[in-house]
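Beneath this line is the structure, given in structure tokens, with notes to follow.
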Amino acid sequence: MEKIDIKSLNLDELTKFIEDIGEKKFRAAQIYKWLHQDLVVDFDSMSNISKSLKDKLKDASYITALVPVEVLTSNIDGTKKYLFKLEDGNIIESVFMRYNHGNSVCISTQVGCRMGCKFCASTLDGLARNLTPSEMLDEIYRIEKDTDERVSNIVLMGSGEPMDNFDNVIKFLNLITDENGLNISQRNITLSTCGIIPNIKKLADMEMGITLAISLHASDDDTRRELMPIANKYSIDEIIDVCKYYFEKTGRRITFEYSLVAGVNDTIKEATKLGELIKDLNCHVNLIPVNPIKERNFKQSQRLDIEKFKNYLEKYRNNVTIRREMGRDINGACGQLRKSYINQESQIEKEGDS
Ligand code: SAH
């Protein structure tokens, strides 16, 4: 019999599971608290659970526990990058950042990614697999335990496309906001997507209060197609429409992410076009100086061009910020740390073979 991933169960599902193995219902709340508030990673730590129930739980289920294999800490602002090993040996990356408004964790939602954005390191080797709800939770749980600090904000902006792992991401969001768990406010969660329209619509219909961030990166479809294959499937007009719908349904202001690539999407003309495009939307634009990856030729826009771009966008009374770089001394582009770790490991393996 396949073992149950106990940390991915919500309280109702856990209660059913506990009853199915012939135990009293109230045990479910105790176990749920151990998993989602005390953040334990083994059944033996559950001190109010009998030995015989622990044995039953061990037979029928397992507790997901990510293992940190590398942690880099910034000397500038205390940002920490974690590389975690999963049960099957896959490696993922998560980032812990300290802001004035609280601590934030940027999580991965998939191992790798199949969206193929040209400037992104996470997608270079394609998608390995989706992360389970418990693996996404444990990125945050392990970081709380390691730092001994409370996490109040979560961004789904690490490796992977959250809207390509829809059901698991929704389960994760329900668990992380549960008042019997870490109880993180929906308002403090941002989900970033390259724009898979049908799933954004589904998310809007759920009327959750999370912030939707759209990776736009261009103000016309031709330029967007050069950077992001998903643009062959959905047009910018369709994206704007679904953003309006999301705002109507949730009342949450949309964030647009726009990575500036020198000579590709950073001219005043493009800033003006972008301004026109979003002028009727209640939104915020986050300009990201592209972080060059060695596998591609993209260059970061000049600081002056970035400032000019911002000024032009602001003429449309848009709210615009330039992303502050956290952990500059430990920074690689999205997914680069993971990639260099994997390359290094496979080199060691090869040397071991010869
Ligand atoms: N798949 C999701 C979330 C992951 S990427 C998405 O596409 O939104 C998070 C953000 O970082 C996205 O806006 C992505 O386009 C951007 N990004 C990825 N690699 C980058 C790089 N090298 N430089 C700048 N931004 C990058």
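The values are calculated or read from the model by the stated rules, or taken from the named source; none is laboratory data. Because the structure is a prediction, the values reported are computed rather than measured. Note: ideal-geometry Cβ built from the backbone for every residue, glycine included; neighbour counts use all protein chains shown. Heads up: the accessible areas ignore ligands, DNA and RNA and are worked out on the full protein's heavy atoms, side chains in. Shrake-Rupley method; radii C 1.70, N 1.55, O 1.52, S 1.80 Å.
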* **Net +/- balance of residues flanking Gly251 in space, Cβ distance below 13 Å, scoring K and R +1, D and E -1** => +3
* Structure fact -> Going residue by residue through region 186-198, the Karplus relation 6.51 cos²θ - 1.76 cosθ + 1.60 with θ = phi - 60° gives ³J(HN,Hα) values, rounded to whole Hz and with x marking Gly or Pro, of 4, 5, 9, 10, 10, 10, 9, 9, 7, x, 8, 4, x
* Of Tyr62, Tyr32, Tyr258, the one that fluctuates the most in a GNM where the chain has Cα springs shorter than 10 Å -> Tyr62
* Rotationally averaged projected area of region 203-242 (alpha carbon convex hull; nm²) -> 3.1
* Would you mind calculating the gained length between Glu314 and Asp146 on full extension (0.36 nm times residue separation, minus the Cα-Cα distance), in nm to one decimal? => 56.4 nm
* Cα centroids of region 100-139 and region 255-292: how far apart, whole angstrom? -> 23
* **lysines with Cα under 30 Å of Lys339, excluding same-chain neighbours fewer than 8 positions away** => Lys7, Lys80, Lys81, Lys85, Lys118, Lys145, Lys171, Lys233, Lys294, Lys299, Lys350
* To do: Per residue, how big is the convex hull around the C-alpha atoms of region 213-300? Give it to me in cubic angstrom, could you?
  => 93
* Give, in whole angstrom and from largest to smallest, the semi-axes √(5λ) of the equivalent ellipsoid of the chain, with λ running over the eigenvalues of the Cα gyration tensor. => 38, 24, 18
* Relative to the compact-globule scaling 2.2 N^0.38 Å, provide the ratio for the alpha-carbon radius of gyration of region 98-203. => 1.06
* Report the one residue of Asn188, Met206, Val40 whose Cα lies farthest in the direction of the positive end of the charge dipole of the chain (charges on C-beta: Lys and Arg +1, Asp and Glu -1; origin at the Cα centre). => Asn188
* Asked: What nm distance separates the two modelled labels at Gln30 and Lys244, each placed 7 Å from Cα along Cα→Cβ?
  -> 5.6
* To do: Convert 25 °C to kelvin, take the viscosity as 0.890 mPa s, use the Kirkwood radius over C-alpha pairs of region 4-62 as Rh, and evaluate the Stokes-Einstein diffusion coefficient in µm²/s, rounded to a whole number.
  => 219
* Could you check what % of the DSSP bridge pairs in the chain are antiparallel, to the nearest 5? => 45
* Mean residue ellipticity at 222 nm from the helices of the chain, using -39,500 (n - 2.57) per DSSP H segment of n ≥ 4 over the full residue count, to the nearest 500 deg cm²/dmol? -> -11000 deg cm²/dmol
* To do: For region 67-345, give the percent of accessible area contributed by carbon and sulfur heavy atoms, probe 1.4 Å, rounded to a whole number.
  => 44
* Counting only heavy atoms of the protein chains, get the accessible area per residue of the chain (1.4 Å probe) and round it to a whole Å² value. => 46
* Asked: Considering the chain as a Gaussian network with a 10 Å cut-off on Cα pairs, which listed residue, Leu11, Leu35, Leu53, attains the greatest mean-square fluctuation?
  -> Leu53
* Asked: Among Gly160, Gly112, Gly251, which one shows the biggest mean-square fluctuation in a GNM of the chain, springs joining Cα atoms closer than 10 Å?
  -> Gly251
* Asked: When the accessible area of region 4-62 is split by element with a 1.4 Å probe, what percent falls to carbon and sulfur?
  -> 53
* To do: Mind listing the long-range amide H neighbours of Gly112? Cut-off is under 5 Å, sequence gap 5 or more, other chains count too, H placed in the peptide plane at 1.01 Å from N.
  => Ala128
* To do: Sort the following peptides by mean Cβ neighbour count (other Cβ atoms within 10 Å, averaged over residues), highest first: 216-229, 287-300.
  => 216-229, 287-300
* Base-10 log of normalised Debye intensity for region 74-120 (one unit scatterer per alpha-carbon) at q = 0.24, 0.25, 0.28 Å⁻¹ -> -0.94, -0.96, -1.03
